[in-house]
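One structure, pasted below without further comment.
The values are calculated or read from the model by the stated rules, or taken from the named source; none is laboratory data. Bear in mind that the values here come from a model prediction, so they are computed numbers and not experimental data. All Cβ positions, even for glycine, are placed from backbone atoms using ideal geometry, and neighbour counts span all protein chains on display. Side chains included, ligands, DNA and RNA excluded: accessible areas come from the protein's heavy atoms. Shrake-Rupley method; radii C 1.70, N 1.55, O 1.52, S 1.80 Å.
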Amino acid sequence: MSPSVLDRRRCDRARLARDARFDGRFFTGVLTTRIYCRPTCPVKPARSRNVIFFPTAAAAEGAGFRPCLRCRPEAAPGTPAWHGAAATVSRALRLIERGFLDDARDVDDLADTLGMTARHLRRLFLRHAGASPIAVATTRRVQRAKTLIDETAMPMSAIAFAAGFTSIRRFNEAFRAVYRRPPSALRRGRRRAAERRRSGQSVAGTVATRQIRRASLSMLRATIAAAARNTHASANAAP
Ligand SMILES: [Zn+2]
C-alpha cells in the first residue's frame, strides 16, 4: 500500500474498530504523543483529528514518531518478527503432528524445544493457529482415531493408543466432546464396510494413519498461508 492510496477514512474506521485485517497494512501516528501504533493497538484510540496514517513503520519513524511499546509495531504482519512467529508455529505444528504431545511430553517441553516460554508459545498459537497447542494435538488424535474407526476393524482400545491417546478414558472423553457420542457409536453401520476391507486391514490402517497425518499437516499449513493471504488481500482491497 503506497502513501497515495491510503484512505484516511477507512484507516480511521479500521483503527477505531481495532480491525485485525488491517494489521501490518498501515500505522497510526498520534500527533499529541508522537507515538505510532498498529491498527490493533489495545490502548484507548486517540481522537481522529489527532492522528495521521503511514503505510510503513519506516515512514512513521521518518516523520519522527516512536514505536508504541504496547502494540509493538516491530511484530506486525509482514515484518520479520511476524514471519518468524508464523514459522515457529509451523514448526511446532509439525512436531505435534509427529506426536510430540502424544507421549509424556507437555507444552513446556515443546516450548523448550523451540527456545521460548510456554506462555509465549501459547500466545503465538492463538494468533497464528487460532487454537492452543493442546487443542491442536487433541483434534489430531480424534481425527486419527476417526480415520481408524472408518478404515479399519481394529478394536477401540487399540485405536485409542494408535491415535496417540494415553488412556481409554481420555479417548472416550475427547470423542464425546467432538462428536457428542462414544467412539463405538460411530462404528455401527460401518462394520460391514470394515469387514469387506478386512483382508488388507493392518496395512490399510498404517497407510491411513500416515495419510491423515500428512493431509492434516498440509491443511494446517494452508490455513496459515490463507490467513497471511487474507491479511494482504483485505489490505489491498482496502483503499
Ligand atoms: Zn500502540
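Check Arg70, Arg127, Arg122, Arg91 and return the single one that is in contact with a Pro (Cβ under 9 Å, 6 or more places away or on another chain) and assigned to a helix (DSSP H, G or I).
Going through Arg70, Arg127, Arg122, Arg91 in turn, the sole match is Arg122.
Here's another thing I want to ask about it. Consider Gly24 against the criteria (1) in a loop (DSSP other than H, G, I, E, B); (2) within 11 Å of the ligand (Cβ to nearest atom); (3) surrounded by 20 or more Cβ atoms within 10 Å (Cβ to Cβ): it satisfies all of them except one. Which criterion is unmet?
Gly24 satisfies every listed condition except (2).
Among the listed residues Gly29, Gly64, which satisfies the condition of being touching a residue at least 24 places away in the same chain (Cβ under 8 Å), away from the ligand (no atom under 14 Å from the Cβ) and open to solvent by less than 70 Å² (accessible area, probe 1.4 Å)?
After ruling out the rest, the residue left standing is Gly64.
Further question: Quick one: which residue in Ser90, Ser48 is away from the ligand (no atom under 13 Å from the Cβ), more than 30 Å from Phe165 (Cβ to Cβ) and small (Gly, Ala, Ser)?
Selected residue: Ser48, the only one of Ser90, Ser48 that is away from the ligand (no atom under 13 Å from the Cβ), more than 30 Å from Phe165 (Cβ to Cβ) and small (Gly, Ala, Ser).
OK, next. For residues that are within 11 Å of Ala60 (Cβ to Cβ) and touching a helix residue (DSSP H, G or I) at 6+ places or on another chain (Cβ under 8 Å), tally how many sit in the range 21-38.
Adding up the residues that qualify gives 8.
Could you grab me the full set of residues in the range 32-58 that are within 26 Å of the chain's Cα centre (by Cα) and loosely packed, with under 15 Cβ neighbours inside 10 Å?
Residues satisfying the conditions are Pro42, Val43.
Considering only residues that are surrounded by fewer than 16 Cβ atoms within 10 Å (Cβ to Cβ) and at pLDDT 90 or above, which ones fall in the range 67-82?
Leu69, Arg70, Arg72
Now for a separate question. Would you check which residues across the range 97-113 are farther than 13 Å from Ala137 by Cβ and crowded, with 17+ Cβ neighbours inside 10 Å and list them?
Correct list: Ala111 only.
Further, regarding this structure: Scan the range 153-188 for residues that are more than 22 Å from Ile134 (Cβ to Cβ) and part of a helix (DSSP H, G or I) and report the count.
Result for the range 153-188: 7.
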